[in-house]
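Before any comments, here is the structure.
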Amino acid sequence: MSARPGTDAATSARMAKQKRAGTKPEVALRRELHRRGARYFVDRAPLPKLRRRADLVFPRRRVAVYVDGCFWHSCPEHATFPKNNAEWWAEKLAGNVARDRDTDARLAAAGWTVVRVWEHEPAAAAADLVMRIVTSAPGGRSGPVGNNGAISGQTDRSGQE
């Protein structure tokens, strides 16, 4: 990726305030899952040597949950692309999506199920998906499930096969 372009002070301050963990959609999902009796780890790397952290981890079931932001992960419904430094941002956001796919593949190869939900999804609907996967995963199924392309034969975010 090319060097990060310079930004004005207001933009820099706004970007510095962006949370990496504990976002409102993530906390809403955690509350809903906890209310339903689910217990999980928060902001944890599913695999010891993988430097990528999942928002929620169910280690006994080998399920990793990611709450993806529409901007940062290029939601097909709500993605926006900055006009300033457009080329740099396009490369940055495409790199985020590529890293997501790589994470999915690495976890699947290790026997984990990856569940991805968009930040705009209602917490109850996201919790329905997570609970369905967690309760049906005795030791974990392979492959990603959710917003960024469910694999064949597994439940996508709409609840359909």
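The values are calculated or read from the model by the stated rules, or taken from the named source; none is laboratory data. Just so you know, these numbers come straight off a predicted model, no measurement behind them. Using ideal geometry, Cβ is built from the backbone for each residue, glycine included, and neighbour counts are taken over all protein chains shown. Ligands, DNA and RNA are stripped out before the accessible areas are found, and what is left, the full protein with its side chains, is counted by its heavy atoms. Shrake-Rupley method; radii C 1.70, N 1.55, O 1.52, S 1.80 Å.
Filter region 83-104 down to the residues that are more than 14 Å from the chain's Cα centre (by Cα) and of a type in the set (S, T, N, Q), then identify the one that is most open to solvent (accessible area, probe 1.4 Å).
Going through the qualifying residues, I end up with ASN84.
Kindly evaluate ARG116 against the criterion of being open to solvent by 70 Å² or more (accessible area, probe 1.4 Å) and touching a Pro at 6+ places or on another chain (Cβ under 8 Å). It would help to see each step written out before you state the result.
On the way: open to solvent by 70 Å² or more (accessible area, probe 1.4 Å): no; touching a Pro at 6+ places or on another chain (Cβ under 8 Å): yes.
Considered against the rule, which asks whether it is open to solvent by 70 Å² or more (accessible area, probe 1.4 Å) and touching a Pro at 6+ places or on another chain (Cβ under 8 Å), ARG116 comes out as no.
In region 31-82, which residue that is open to solvent by 60 Å² or more (accessible area, probe 1.4 Å) and either among the small types (Gly, Ala, Ser) or not in a loop (DSSP other than H, G, I, E, B) (or both) is nearest to ASN96 (Cα to Cα)?
The selected residue is ARG44.
Against the condition modelled with pLDDT under 90 and aliphatic (A, V, I, L, M), how does ALA86 come out, does it pass?
When the stated conditions are applied, ALA86 passes them.
Does region 121-161 hold any residues that are modelled with pLDDT of 95 or more and either in a loop (DSSP other than H, G, I, E, B) or open to solvent by less than 20 Å² (accessible area, probe 1.4 Å) (or both), and which are they?
Hits for region 121-161 are GLU121, PRO122, ALA126, ALA127, LEU129, VAL130, ILE133, VAL134.
Out of curiosity, is ARG31 in contact with a Gly (Cβ under 6 Å, 6 or more places away or on another chain) and in contact (Cβ under 8 Å) with a residue 40 or more places away in the chain? Walk me through it before giving the result.
On the way: in contact with a Gly (Cβ under 6 Å, 6 or more places away or on another chain): no; in contact (Cβ under 8 Å) with a residue 40 or more places away in the chain: yes.
No, not satisfied.
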